Amino acid sequence: MALEIRTLSRKRLAAIRHVGPYNEIGPVFRELGRIAGPAGLFGFPAAMMVGVYQDDPRTTPHDKLRSAAGVTIPESATIPDGLVEEQIEGGTFAVLTHTGSYEGLPDAWKRAITELPATGRKLRNATSYELYMNDPTQVPETELKTEIWLPIE
């Protein structure tokens with residue numbers, strides 16, 4: 001699937017921060033689920049799991065990469081102990097939809113970066129995101145949908 005240009009509004013997250021290689025964030029998502037599930041955060045309308053990726057792995061040492069696993073929550077929601085508030089910055093993004101295993105995400109990111117010049121847009125200095133469109137406990141791995149959001153000018 002080709003990149004789409006979309007606008008994302010600012011969103012509030014309850015999250016757990018991670019420092020280190022991006023491919024090591026899996027346990028952080030499991031911990032997020034362990035805390036957010038019993039706290040009822042997944043019960044909010046439009047609640048969505050989000051991966052927040054703040055640094056460029058091409059220029060930042062892998063042990064210094066900053067990321068977070070989060071769930072979108074309303075402004076009025078209380079953040080439970082063990083989670084912190086994060087914000088998704090709104091703006092214009094190039095979006096690639098990946099269907100399949102999360103193990104295919106590194107190749108999907110490479111494809112998104114490679115296809116970006118064809119849009120006539122450039123990356124802006126802002127945070128990138130993964131939005132997880134369905135629940136891996138509810139659909140087969142082959143049907144998982146993840147959107148990769150690259151901030152663009």
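Which of the residues belonging to region 89-106 are over 13 Å from E147 (Cα atoms) and not β-branched (V, I, T)? If the condition is that a residue be over 13 Å from E147 (Cα atoms) and not β-branched (V, I, T), then E89, G90, G91, E103 are the ones that fit. Limited to region 24-44, what total is found for residues that are in contact (Cβ under 8 Å) with a residue 12 or more places away in the chain and part of a loop (DSSP other than H, G, I, E, B)? Residues in region 24-44 being in contact (Cβ under 8 Å) with a residue 12 or more places away in the chain and part of a loop (DSSP other than H, G, I, E, B): 3 in total.
Every residue, every condition in (1) surrounded by 19 or more Cβ atoms within 10 Å (Cβ to Cβ); (2) farther than 23 Å from L65 by Cβ; (3) modelled with pLDDT of 95 or more, yes or no:
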| site | (1), (2), (3) |
| --- | --- |
| T97 | no, yes, yes |
| T119 | no, yes, no |
| L131 | yes, no, yes |
| V139 | no, yes, no |
| K145 | no, yes, yes |
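Among the strands (runs of 3 or more DSSP E) confined to region 61-153, the ones with at least 2 residues that are under 20 Å from E24 (Cα atoms) are located at 66-73, 84-88, 128-132, 145-151.
Can you tell me how many residues in region 52-80 are closer than 18 Å to S9 by Cβ, of a type in the set (G, A, S) and surrounded by 12 or more Cβ atoms within 10 Å (Cβ to Cβ)? Walk me through it before giving the result.
Of region 52-80, the ones closer than 18 Å to S9 by Cβ are 52, 70-77.
Checking which are of a type in the set (G, A, S) leaves us with 70, 76-77.
Now narrow it down to the ones that are surrounded by 12 or more Cβ atoms within 10 Å (Cβ to Cβ): 70, 77.
Total satisfying the criteria: 2.
The values are calculated or read from the model by the stated rules, or taken from the named source; none is laboratory data. Everything quoted here is computed from the prediction, not taken from an experiment. Note that we place each Cβ from the backbone using ideal geometry, even for glycine, and neighbour counts take in every protein chain shown.
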